[in-house]
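What follows is a set of notes on a single structure, which appears directly below.
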Amino acid sequence: MASRIRLGDSIFSRVDTPADFTNLLKENLPDSDPLIVKADWVAMEEASPRNLEALRCIVDAAQGRVIVTEGHLLWRPRELEPKGLRFLADGVELDWEGLLAGEGWRWLLKHPDWGWFTDGPHWSHLMREERLWLDKHGYTDFFQDNGIEYINATDEVWAGRVADERVVKEAVESRFPPAFTDKLYGFVPEKLFRHRGSVLVSLSKRKEYQSFTMKNMFGLIPDPVRAWWHGPGNRRLPKSIRDINKVYGAFFRLIGVFEAPRSDGPSLFTRDVAVSGGVAQLDAILNHVTGCDVKKAAYISMGNGLFGVHDSGLLREAEKRLGGWFPAPRKAP
């Protein structure tokens, strides 16, 4: 059996097989029917098989039905149109690729309404692209074979199939300080809301940049490019991440699951993994042991006490016991 390290409410382990990971999850995930999993599909192509392996372990550990949810992303590779469709932005012709940087990103900061996207051909084209992506990486067959319901949060929000914003606002503000914008109260799909009280796992992986389990929940904000939610100079990003966690934390039991591959193990599956009922505590530990600048992830300190507790003593202990864990992913050759 793989060894376990407990720090606060978080469990860490170095696993070598899918069975090791599944057993860790069985021991530490609360019973829930359904079990909802927020996937993490922000990745380079080579990471996609690993994503499915980790999801398979959660499904094998689940005691009942599983629902997988994610939002649309223009960052994913596209099969039909590599640069996406074209459109006019203040008289300048852009494509989807042009929205991801430079003038396109700045245009989105000033024009956060995606009506131009949903009213034209873009939305239906994006759905076709996602279906191809799911097919290519084995998710479609995996979902069908395991009776998994897939809910795209962007599609549900854009279609207006959401929980009553007044009900969401009341629930969130009865437990947490108010969200910085009421927009967030309109982002809970009815298909998820009907399962309130269930466990919601934020399944996240080590990336080449600073991103852990709280930021993974940021993907449930429906915009396929979340420029407005970043804000100029990323000044709006910490509040956006903290508050989407508050919205979902008001209705679901949030559990963070994090993993990173290791190259020094006896199998191709070998990785470092973590499970925690306190996503802010887990992210603080991961941020510390991976050497990231905490000043660039203010949402972690903002979540302290809301989603688990962390302090300097816990982080010093983590540094001693988890030194060298959770290495950054290797770039493809």
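Throughout, read-outs are computed from the coordinates displayed, never taken from laboratory work. Note that the coordinates shown come from a computational prediction; the quantities given were computed from them, not determined experimentally. Backbone-built Cβ (ideal geometry, glycine too); neighbour counts: all protein chains shown.
Values computed for the structure shown
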quantity	calculated
Whichever residue in the stretch 192-214 is of a type in the set (A, V, I, L, M, F, W, C) and over 15 Å from the mean Cα position of the chain (by Cα) and, among such residues, is farthest from PHE258 (Cα to Cα)	PHE193
Members of the stretch 312-333 found to be touching a strand residue (DSSP E or B) at 6+ places or on another chain (Cβ under 6 Å) and either aromatic (Phe, Trp, Tyr) or without any contact (Cβ under 8 Å) to a residue 60 or more places away in the chain (or both), listed by number	TRP325, PHE326
Residue in the stretch 42-50 that is over 21 Å from ARG226 (Cβ atoms), loosely packed, with under 14 Cβ neighbours inside 10 Å and without any contact (Cβ under 8 Å) to a residue 24 or more places away in the chain present	no
Selected residue (criterion: farthest from LEU134 (Cα to Cα)) from residues of the stretch 87-96 that are surrounded by 14 or more Cβ atoms within 10 Å (Cβ to Cβ) and of a type outside the set (Phe, Trp, Tyr)	ALA89
Options LEU108, LEU88: the member that is assigned to a helix (DSSP H, G or I) and in contact with a Leu (Cβ under 8 Å, 6 or more places away or on another chain)	LEU108
Spans of helices (runs of 4 or more DSSP H) in the stretch 158-233 with at least 1 residues under 28 Å from ARG78 (Cβ atoms) and in contact with a helix residue (DSSP H, G or I) (Cβ under 9 Å, 6 or more places away or on another chain)	190-193, 213-216, 227-230
Single condition VAL42 does not satisfy, out of (1) part of a helix (DSSP H, G or I); (2) out of contact with any helix residue (DSSP H, G or I) (no Cβ under 6 Å at 6 or more places or on another chain)	(1)
Residue check for ARG78: touching a residue at least 40 places away in the same chain (Cβ under 8 Å), over 21 Å from ASN216 (Cβ atoms) and touching a Pro at 6+ places or on another chain (Cβ under 6 Å)	no
Within the stretch 86-117, tally of residues that are of a type in the set (A, V, I, L, M) and over 16 Å from HIS230 (Cα atoms)	4
Pair list, Cβ under 7 Å, 6 or more apart: the stretch 236-251 residue within 14 Å of PHE193 (Cα to Cα), other residue of a type in the set (Ser, Thr, Tyr) and surrounded by 21 or more Cβ atoms within 10 Å (Cβ to Cβ)	VAL247/TYR185
Options ILE5, ILE36: the member that is hydrophobic (A, V, I, L, M, F, W, C) and surrounded by 18 or more Cβ atoms within 10 Å (Cβ to Cβ)	ILE36
Qualifying positions in the stretch 256-311 - out of contact with any strand residue (DSSP E or B) (no Cβ under 7 Å at 6 or more places or on another chain), among the β-branched types (Val, Ile, Thr), surrounded by 19 or more Cβ atoms within 10 Å (Cβ to Cβ) and touching a residue at least 60 places away in the same chain (Cβ under 8 Å)	ILE300
